[in-house]
Amino acid sequence: MAGYLIANYKITNEEGYQAYIAAVGGTILSHDGEILVAGPGSEPVEGDPKPVTVVIRFPSMDALRAWYESPEYRKIIHLRTDNTEGTMVFADEFVMPG
């Protein structure tokens, strides 16, 4: 069952964030991640979401956690956390009962 990373945030420092964007793609691909949604332009329909939404699918929750805890991602995570404000969750793929 796939594992999904879902993030929603605003960029607080564009220059620092661009360094993250330049570095993160390779770490995702090396862990078999697939970027499904990434970027600004989220359309608010309810609540107060931030303008950037990211959805990444990994083959499993274990693969997602392995990416998140990997040395290569740990080395660059500060480029996101220092330059954005928002939320991130990990979610299991939904399987319709029955």
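Please count how many residues of region 9-30 are touching a Ser or Thr at 6+ places or on another chain (Cβ under 7 Å) and not aliphatic (A, V, I, L, M).
Applying the first criterion (touching a Ser or Thr at 6+ places or on another chain (Cβ under 7 Å)) to region 9-30 yields 9-12, 17, 27.
Filter once more, keeping what is not aliphatic (A, V, I, L, M): 9-10, 12, 17, 27.
So the answer is 5.
Please work out which one of (1) touching a Ser or Thr at 6+ places or on another chain (Cβ under 9 Å); (2) in a strand (DSSP E or B) is the condition LEU36 fails and give its number.
All conditions are met except number (1).
Would you confirm, using the coordinates I've provided, whether ILE21 is of a type in the set (Val, Ile, Thr), modelled with pLDDT of 95 or more and within 18 Å of PRO71 (Cα to Cα)? Let's see the steps before the verdict.
Numbers: of a type in the set (Val, Ile, Thr): yes; modelled with pLDDT of 95 or more: yes; within 18 Å of PRO71 (Cα to Cα): yes.
In short, yes.
Looking at (1) closer than 23 Å to VAL95 by Cα; (2) touching a residue at least 24 places away in the same chain (Cβ under 8 Å), which is the one condition that is false for TYR17?
That leaves (1) as the condition not met.
Considering each residue of region 24-45, count those that are at pLDDT below 95 and either out of contact with any strand residue (DSSP E or B) (no Cβ under 6 Å at 6 or more places or on another chain) or not small (Gly, Ala, Ser) (or both), and give that number.
6
In this structure, does ILE11 turn out to be within 13 Å of the chain's Cα centre (by Cα), of a type in the set (Val, Ile, Thr) and at pLDDT 95 or above? Before the answer, list the steps.
Details: within 13 Å of the chain's Cα centre (by Cα): no; of a type in the set (Val, Ile, Thr): yes; at pLDDT 95 or above: yes.
Judged against the criteria, ILE11 is not a match.
Within region 23-60, restricting attention to residues that are of a type in the set (Ser, Thr, Tyr) and surrounded by 14 or more Cβ atoms within 10 Å (Cβ to Cβ), which residue is farthest from ARG80 (Cα to Cα)?
Here is the first cut: in region 23-60, the residues of a type in the set (Ser, Thr, Tyr) are 27, 30, 42, 53, 60.
In the following step, the residues that additionally are surrounded by 14 or more Cβ atoms within 10 Å (Cβ to Cβ) were identified as 27, 42, 53, 60.
Values: THR27: 14, SER42: 18, THR53: 13, SER60: 23 Å.
Among those that are of a type in the set (Ser, Thr, Tyr) and surrounded by 14 or more Cβ atoms within 10 Å (Cβ to Cβ), it is SER60.
For region 6-17, what are the residues that are crowded, with 18+ Cβ neighbours inside 10 Å and either assigned to a loop (DSSP other than H, G, I, E, B) or in contact with a Phe, Trp or Tyr (Cβ under 6 Å, 6 or more places away or on another chain) (or both)?
ILE11
The values are calculated or read from the model by the stated rules, or taken from the named source; none is laboratory data. Worth saying up front: this structure is predicted, and the values here are computed from it rather than measured. Please note: Cβ atoms are built from the backbone with ideal geometry, for glycine as well, and neighbour counts cover all protein chains shown.
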